[in-house]
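What follows is a set of notes on a single structure, which appears directly below.
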Amino acid sequence: MKKFLAIICAALLLTGCGEVKEVKADVLPPPDPIEMTLQSMTLAEKVGQMVMIGVYGTELNDDIVYSLNQFHFGGVIFYDRNLESVAQAKKFANDIEAAANQKVPLFFSIDEEGGRVARGKSFLQPAPSQEEIGLGGNPEDANYWARYNAQILRSIGVNLNFAPVADVGSNDTRSFGDDAQTVAQFVDAAAQGYESENFLYTLKHFPGIGKSKIDPHKEISSVESDRATLDAEDLPPFVKIIRWHDNSKFMIMVGHLRYDALDSVNSASLSPAVMTGLLRNELGFSGVVITDDLEMGAIKNHTDLPSLGVRMILAGGDIALVCHNYESQQIVYNSILAAVQRGEISEERINESVRRILKMKAHLQ
């Protein structure tokens, strides 16, 4: 800085401007910590931030250490197979974080919706299902149970919940109701609850899977509604949160259904029309977009695994979720890295996603 000031002073003297006035040291804007972190990361580290994985075991093991150090995965999802008690789960998360030794914190995620979709039921009392909460008619109940979820999840080392479900009328107790505006009110209350606890959350499954007649874990199906119907009956809960909440505090999970009115060829999780055209451009979402598990039958039965992560990124997504198979996780990671190295994906496109991820992770610091 002294050298920089000396150069300025000398220039002023040479131009005959008279007395040299004091140059304040704060003329330069402060460095952006997100950009500084991004610039410090290798391409391999950046690609790792764009893959979230499931692990096996209830304590740190060689497979987990190898995965995190070799592939730099940026997040872990916990299942019942990982959870035995509050103390065990918290230690497990802390040990994984320490072993990862990354420049930024890991996401530790879980599906804690309430009702039948809840983890660690042997030692964590689950919230009621979203259907039960919705039937009560009071959105403040959704706020209460979101705060409850945030508190119990933080106690086991989790920092990101894959909830609330923003689908309308899912017919399996996972939705707050059958009316889009009512669901939007309850999802909004839940979002406020998570935010009051400074806890990261996720809206799922964009653009809404309430009309699906087939379980996407098993096979793909199409939603044949026209665009006007989607706008009126499926999108309102997502639109409300995108417009009225800080987009860096929540993810949006995109499902694997096809929506004929938007893209009759690709599932939503691989569709530029859905993720870029609708979610980014029309609705203005600036936060992190994550896929549903890429090992679900709806997606893996119809697309070769090495192309999934690449297509997800080209379509506008940020994080590929690969929950169960270590080999699959590595294939997805290696395929993305290779696509950048051969020029199919630009490094600037990778940087766009990693910026969004780092901005969200800044809330974990």
#### Entry: Which numbered condition Gly177 fails, given (1) part of a loop (DSSP other than H, G, I, E, B); (2) more than 29 Å from Ser307 (Cβ to Cβ); (3) touching a residue at least 60 places away in the same chain (Cβ under 8 Å); (4) open to solvent by less than 40 Å² (accessible area, probe 1.4 Å)
(3)
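Per-residue answers, yes or no, for (1) under 30 Å from Ala150 (Cβ atoms); (2) modelled with pLDDT under 95; (3) among the hydroxyl-bearing types (Ser, Thr, Tyr):
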position	(1), (2), (3)
Glu295	yes, yes, no
Thr303	no, yes, yes
Val332	yes, no, no
Arg356	yes, no, no
Ala362	yes, no, no
### Task
Could you check Ala273 against (1) open to solvent by 10 Å² or more (accessible area, probe 1.4 Å); (2) within 26 Å of Ala362 (Cα to Cα); (3) of a type in the set (A, V, I, L, M) and say which number it fails?
(2)
### Query
Got a sec? Which helices (runs of 4 or more DSSP H) wholly within region 62-143 have at least 1 residues that are open to solvent by less than 50 Å² (accessible area, probe 1.4 Å), of a type in the set (A, V, I, L, M) and farther than 26 Å from Gly193 by Cβ?
62-71, 86-100
### Summary
Here the residues within region 149-174 that are farther than 18 Å from Pro128 by Cα and open to solvent by 10 Å² or more (accessible area, probe 1.4 Å) are Arg154, Ser155, Gly157, Asn159
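Among the residues of region 218-252, which ones are assigned to a loop (DSSP other than H, G, I, E, B) and modelled with pLDDT of 95 or more?
Taking region 218-252 and keeping what is assigned to a loop (DSSP other than H, G, I, E, B), we get 218-221, 224-226, 234-235, 245-246.
Asp234, Leu235, His245, Asp246 - these are the residues of region 218-252 that are assigned to a loop (DSSP other than H, G, I, E, B) and modelled with pLDDT of 95 or more.
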### Query
Tally time: how many residues in region 226-243 are open to solvent by 60 Å² or more (accessible area, probe 1.4 Å), farther than 16 Å from Thr182 by Cα and touching a residue at least 40 places away in the same chain (Cβ under 8 Å)?
1
### Message
Test of understanding: among Leu279, Leu283, which residue is open to solvent by less than 10 Å² (accessible area, probe 1.4 Å), within 23 Å of Ala190 (Cβ to Cβ) and modelled with pLDDT of 95 or more?
### Response
Leu279
### Message
open to solvent by 40 Å² or more (accessible area, probe 1.4 Å) and more than 30 Å from Leu230 (Cβ to Cβ): is that true of Glu344 in this structure?
### Response
yes
### Task
Any residue in region 325-337 that's on the phi < 0 side of the Ramachandran plot: show its pairings with residues that are assigned to a helix (DSSP H, G or I) and open to solvent by 50 Å² or more (accessible area, probe 1.4 Å) at Cβ separation under 6 Å, as long as the two are six or more apart or on different chains.
Ile331/Pro306; Ser335/Pro306
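The values are calculated or read from the model by the stated rules, or taken from the named source; none is laboratory data. Keep in mind that what you see is a predicted model, and the values were worked out from it rather than measured. No Cβ is skipped: glycine too gets one built from the backbone with ideal geometry, and neighbour counts run over all protein chains shown. The area values use the complete protein model at the heavy-atom level, side chains included, leaving out ligands, DNA and RNA. Shrake-Rupley method; radii C 1.70, N 1.55, O 1.52, S 1.80 Å.
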